[in-house]
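Below: the structure, in structure tokens.
The values are calculated or read from the model by the stated rules, or taken from the named source; none is laboratory data. Computed from a prediction, not measured in an experiment: that's the story for all the values here. Cβ atoms come from the backbone with ideal geometry, glycine included; neighbour counts cover every protein chain shown. Accessible surface is based on the protein model in full, side chains and every heavy atom, while ligands, DNA and RNA are left aside. Shrake-Rupley method; radii C 1.70, N 1.55, O 1.52, S 1.80 Å.
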Amino acid sequence: MRARYGIPLGIVAAGTAGLVYAAGFEARSFRLRRVTVPVLPPGMRPLRVLQVSDIHMVGGQRKKQRWLQSLAGLRPDFVINTGDNLSDPEGVPEVLDALGPLMEFPGAYVFGSNDYYGPKLRNPARYLLEKASGRHGLNGNAPAVGAIHNPWEDLRDGFDAAGWLNLTNTRGVLKVEGVSIELTGLDDPHIKRDRYARVAGGPSGAYDFSLGVVHAPYLRVLDAFTADDYPLILAGHTHGGQLCIPFYGALVTNCDLDTDRVKGLSTHTVEGRTSYLHVSAGCGTNRYTPVRFACPPEATLLTLVEKV
């Protein structure tokens with residue numbers, strides 16, 4: 001009798017079904033996460049902050065556009081966009097259209113690597129190899145060669161025209177119904193564009209509340225924000241792990257953050273000081289890996305309340 005070394009049909013069928021689910025359903029199963037964060041000074045009214053991240057817009061993604069537009073119905077006090085809006089050089093008009101209703105609210109933004117550069121086809125196993133070797137993005141890897149340059153200037157101009165604050169290695173202030181919020185932002189650490197020295201020193205103390213904003217939650221950035229006593233840091237980039245194992249969680253974060261904090265609310269402690277950290281799993285994927293598993297796409301409505 002001839003030996004058979006083929007893959008059992010049951011395994012093939014299960015793998016195919018999982019891929020169909022991950023690409024055809026979950027990657028477009030948009031969710032709203034609601035989180036309460038006790039960070040405000042005593043006596044301050046609650047603030048509702050909508051965080052959108054990692055949209056990775058590709059032409060024709062109508063369901064994603066409609067869902068993002070619908071978030072305006074939440075009526076947040078302000079909006080924070082933590083970057084990676086693009087996954088298509090032609091996607092700027094669709095991003096601006098999708099976010100148009102949200103740009104009626106006060107807001108601010110930082111960019112991620114995919115706002116500057118188009119994605120490239122990569123072997124997903126490289127993320128595991130980078131994790132094992134401690135190399136992520138340009139933090140240890142060689143600079144990208146032949147990268148596609150996205151029209152990020154058009155995206156910036158659209159956000160700026162709507163009155164959103166550009167937090168690229170700088171500070172800004174939002175005023176919301178008599179409340180002043182000081183924002184300190186960084187350019188993307190994943191491609192070494194962060195310049196914390198330009199914004200170092202912590203909250204000025206001149207405003208009602210302060211928070212830090214960055215795309216990729218690298219530890220050097222979280223350490224700096226926390227040491228400077230920012231009560232809250234908002235980030236994206238990780239996609240929540242994107243392909244997760246049920247009842248286990250994420251395998252990678254695509255940065256040096258641990259997988260236990262790959263998405264959602266956690267804390268970060270350094271030098272005896274602790275900040276809240278919220279990492280959005282984002283609502284998109286790289287155009288070459290349009291799948292999610294056990295990690296649905298999301299935006300987050302954070303309700304900031306008084307410290308306990």
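Figures for the structure shown
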| read-out | value |
| --- | --- |
| Portion, in percent, of the accessible area of region 87-170 that falls on carbon or sulfur, probe 1.4 Å | 57 percent |
| Simple label model, 7 Å out from Cα along Cβ direction - ASP154 to LEU265, nm | 3.9 nm |
| Hits among lysines - C-alpha to C-alpha of LYS63 under 26 Å, sequence gap 8 or more where chains match | LYS120, LYS263 |
| Extended-chain gain in nm, criterion 0.36 nm per residue less alpha-carbon gap, ALA197 and ALA132 | 20.4 nm |
| Separation in nanometres of the label points that stand 7 Å from Cα toward Cβ, at ARG171 and SER70 | 4.0 nm |
| Total charge dipole magnitude, the chain, about the Cα centre, Cβ charges on Lys, Arg, Asp, Glu only, Debye to nearest 20 | 1140 debye |
| Relative contact order [Cα under 8 Å, 6+ residues apart], the chain, whole percent | 27 percent |
| Solvent exposure of the chain as accessible area per residue, Å², 1.4 Å probe | 45 Å² |
| Residue-averaged [θ]222 nm for the chain, counting only DSSP H segments that reach four residues, each worth -39500 (n - 2.57) | -5500 deg cm²/dmol |
